[in-house]
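Every number here is computed from the coordinates shown, using simple stated rules; none is lab data. Values in this document were obtained by computation on a predicted structure and should not be read as measured data. Please note: Cβ atoms are built from the backbone with ideal geometry, for glycine as well, and neighbour counts cover all protein chains shown.
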Amino acid sequence: MEVSRLKIVIFGAFHAGKSTFIQAVDPTSRHIDTECGDGTTTVALDYGKVVMHGLTVHLFGTPGQERFELARRIIMEGMDAALLVVDCSCAVDDFTKRLYYDLVDSHVPLGLLLNKCDVVESCPAMVRRELPETRYIYEISARDPSNAREALARFVAGIKENR
């Protein structure tokens, strides 16, 4: 029996671009966020849905602060794959590294979205050195809907091919 849906959970640190990525892929996506000192932040989850390669892809974005570990654990239940959004305009922080190795240990397909590649300070090579064990790596700007959708489509195609 072929599965016609995928649950992909989006992880990343505060302001890495998770919500922006989901909004770029699905402009009708939903977000539960609140105001903070640097704008807004996700406090529960983001949700978007698209159809790609004959699959309904459900995107669940997680909060990017350590204190929301319980929410992340609940959201990741039953996930088919994970995407880790990493801000390439700054050094890879310890929180992102912990997320990365937890996701590697989860044994689901894992993709890295090297975000903010459109920023002058961007250094995707630095992230590739810090987080080396991933098959699916995409350099993106989450603010560019076509770029975000293309990365997601390639990730979904890779998952579908290897099922």
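So, in segment 96-119, of the ones that are in contact with a strand residue (DSSP E or B) (Cβ under 9 Å, 6 or more places away or on another chain), not in a loop (DSSP other than H, G, I, E, B) and not aliphatic (A, V, I, L, M), which residue ends up surrounded by the fewest Cβ atoms within 10 Å (Cβ to Cβ)? Checking each candidate, the answer is Ser106. Does Ser122 meet the test of being among the small types (Gly, Ala, Ser), closer than 15 Å to Ile8 by Cβ and surrounded by fewer than 23 Cβ atoms within 10 Å (Cβ to Cβ)? It is false that Ser122 is among the small types (Gly, Ala, Ser), closer than 15 Å to Ile8 by Cβ and surrounded by fewer than 23 Cβ atoms within 10 Å (Cβ to Cβ). From the list Leu131, Leu59, Leu55, the lone residue that is of a type in the set (A, V, I, L, M, F, W, C) and closer than 18 Å to Ser19 by Cα is Leu59.
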